[in-house]
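Here's the structure we're looking at; comments come further down.
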Amino acid sequence: LAATLSILTMLWLRSGIKQLEAAKDTIEEQSAELGDELTRSQSLSDRLAASNDDLQQANTAAESARVRFEQLLQSTDESIFGMDAAGVCTFINASGAQLLGYERNELLGRNIHEVLHHHHANGSPYPLEQCPIHKAIVDGTSVRIADEVFWTRAGRAVPVEYTSSPILSSGRTVGAVIAFNDITARKRAERERERLIGALARSNQELDQFAYVASHDLKAPLRGIANLSQWIEEDLGESVPPDVSEKMALVRGRVQRLEALIDGILQYSRAGRVRSAVEQVDVGLLVKDVVELLAPPPDITVTIEPGMPTIATERTPLQQVFMNLINNAIKYNRRPGARITVSSRDAGSMYAFSVADNGPGIEPEYHDRIFGIFQTLESRDRVEGTGIGLSVVKKTVELHGGSVTVHSALGEGATFTFEWPKSTEETTAA
């Protein structure tokens, strides 16, 4: 029995030792796992601390950027305010507060709708849904208003133009930023411009009426003088002395010159003021018509070079320019074998037209003078002229956005070149 008990005790002790050893191993494994967990926890804590540092730095940078941006908005002359989705003012710069007649702190936290729009003229409240600014919040789209009225603290209506842009966060509208400018000065300038345009239109109408009346009233007695000189010659018949007949012809020549001068002044006064309809003009055919109207002497050859363009323009002023230039070339070119050449070339947004002759030419020192009104280089007793034709050309061409130049030297002929827009519609719109 004692031996049996001894054997059982030894077996029990061995089993206990094994269990203790297994428990020790388990404890050691758990201790190792706990150490690893503690290590991971410390690493996580370190990363969390680093993330907190990064977040704090980001918040500091964001706040610094916000302060700089607010300082920028405060320094601009443009009036700017921001509001949340309920229309409550969250920001307004000094310019905006001053325009509305408030201190900045008085507007912060107030509903912008109540500040800008008191009531309708009849005293009824202005519904929020009718406010264009509110559309930026409701629709999430930018709204630009070119002419609106904001109310100041004193109840004064200020005309403004403004843009209302939504503030989005995660695809949701959380407010709006409104930038606006006082356009009182511009509106005043527009009214003054309209007044001046109206006054100019009335002045032009009165000038046209005066020019017509003056032309009619001046020409009537001139024709009477011409007719009277003709009747005197007819009454005297063959008994009229040669010198008297010559003087009568001189009188009629002076009358014709005065009539041409009156027509020239009337044409000059109307240049650029009397506008005609824009149409498609074949310049080659137009020049051909001008030459037929002027009917140059048989010994003068007029050549129209091929390739003349078709342009959208007013026919009458362009016709006047060609008529004056070609008429001058005919009038002053008295040499045998006289030639006149009309040509064109592309000059970008313009066409450059040239009228060249092989006449006596013009000395360079007179190139500017010839475009002045009433300026001629030859005596009117030698070449009949009013000195208005080239001044009409210059005025007409410049009013259509072009320029006119002359290239000439004494004895080498003259080439007059003027620019004309490819489309008068574009020039007029500009």
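The values are calculated or read from the model by the stated rules, or taken from the named source; none is laboratory data. Owing to the predicted nature of the structure, the values given are computational and were not obtained by experimental measurement. Counting neighbours? That spans all protein chains shown, and the Cβs are built from the backbone with ideal geometry, glycine included. The area values use the complete protein model at the heavy-atom level, side chains included, leaving out ligands, DNA and RNA. Shrake-Rupley method; radii C 1.70, N 1.55, O 1.52, S 1.80 Å.
I need the full set of residues from segment 142-193 which are part of a loop (DSSP other than H, G, I, E, B) and over 18 Å from residue 77 (Cα atoms), in order please.
142, 153, 154, 155, 156, 170, 171
Where residues in segment 107-123 are at pLDDT below 70 and open to solvent by 40 Å² or more (accessible area, probe 1.4 Å), which of them is nearest to residue 165 (Cα to Cα)?
This residue is 118.
Among the residues of segment 87-120, how many are in contact with a Gly (Cβ under 9 Å, 6 or more places away or on another chain) and among the aliphatic types (A, V, I, L, M)?
Residues meeting the conditions: 4.
Quick one: residue 424 ticks every box in (1) at pLDDT below 90; (2) open to solvent by 30 Å² or more (accessible area, probe 1.4 Å) bar one, so which box is it?
(2)
For the subset of segment 339-355 comprising residues that are surrounded by 16 or more Cβ atoms within 10 Å (Cβ to Cβ) and of a type in the set (Ser, Thr, Tyr), which member is farthest from residue 397 (Cα to Cα)?
Just the residues of segment 339-355 that are surrounded by 16 or more Cβ atoms within 10 Å (Cβ to Cβ), to begin with: 339-344, 350-355.
Filter once more, keeping what is of a type in the set (Ser, Thr, Tyr): 341, 343-344, 351, 354.
Details: 341: 20, 343: 17, 344: 15, 351: 12, 354: 13 Å.
Here the answer is 341.
Determine, yes or no, whether residue 31 is at pLDDT 75 or above, in a helix (DSSP H, G or I) and open to solvent by less than 80 Å² (accessible area, probe 1.4 Å).
On the way: at pLDDT 75 or above: no; in a helix (DSSP H, G or I): yes; open to solvent by less than 80 Å² (accessible area, probe 1.4 Å): yes.
So residue 31 fails the test.
Answer yes or no: is there a residue in segment 67-84 that is hydrophobic (A, V, I, L, M, F, W, C), over 19 Å from residue 150 (Cα atoms), more than 40 Å from the chain's Cα centre (by Cα) and at pLDDT below 75. Lay out the reasoning, then the answer.
Let us first name the residues in segment 67-84 that are hydrophobic (A, V, I, L, M, F, W, C), namely 67, 69, 72-73, 80-81, 83.
Now restrict to residues that are over 19 Å from residue 150 (Cα atoms): 67, 69, 72-73.
Subset that is more than 40 Å from the chain's Cα centre (by Cα): none.
The answer is no, given that none of the residues of segment 67-84 is hydrophobic (A, V, I, L, M, F, W, C), over 19 Å from residue 150 (Cα atoms), more than 40 Å from the chain's Cα centre (by Cα) and at pLDDT below 75.
Quick check on my filter: what residues within segment 299-338 are open to solvent by 50 Å² or more (accessible area, probe 1.4 Å), more than 14 Å from residue 355 (Cβ to Cβ) and of a type in the set (Ser, Thr, Tyr)?
310, 316, listed by residue number.
Kindly indicate whether any position in segment 256-271 is surrounded by fewer than 14 Cβ atoms within 10 Å (Cβ to Cβ), modelled with pLDDT under 85 and within 17 Å of residue 397 (Cβ to Cβ).
Within segment 256-271, none of the residues are surrounded by fewer than 14 Cβ atoms within 10 Å (Cβ to Cβ), modelled with pLDDT under 85 and within 17 Å of residue 397 (Cβ to Cβ).
Identify all residues within segment 302-318 that are outside any strand (DSSP E or B), closer than 15 Å to residue 344 by Cβ and not small (Gly, Ala, Ser); write none if there are none.
305, 306, 308, 309, 318
Can you confirm whether segment 395-416 contains a residue that is part of a loop (DSSP other than H, G, I, E, B), at pLDDT 90 or above and of a type in the set (Ser, Thr, Tyr)?
Going residue by residue through segment 395-416, those that are part of a loop (DSSP other than H, G, I, E, B) are 400-403, 409-413.
Narrowing the set further to residues that are at pLDDT 90 or above leaves 402-403.
Then drop every residue that is not of a type in the set (Ser, Thr, Tyr), which leaves 403.
Yes.
Before we move on, is residue 251 open to solvent by less than 90 Å² (accessible area, probe 1.4 Å), at pLDDT 70 or above, of a type in the set (A, V, I, L, M) and within 30 Å of residue 159 (Cβ to Cβ)?
No; evaluated as a whole, the condition is false for this residue.
Would you pick out the residues in segment 293-312 that are modelled with pLDDT of 90 or more and either among the hydroxyl-bearing types (Ser, Thr, Tyr) or within 20 Å of residue 396 (Cβ to Cβ) (or both)?
301, 303, 308, 309, 310, 311, 312
Which of (1) in a helix (DSSP H, G or I); (2) modelled with pLDDT of 70 or more; (3) closer than 22 Å to residue 169 by Cβ is the odd one out, the single condition residue 89 does not satisfy?
That leaves (1) as the condition not met.
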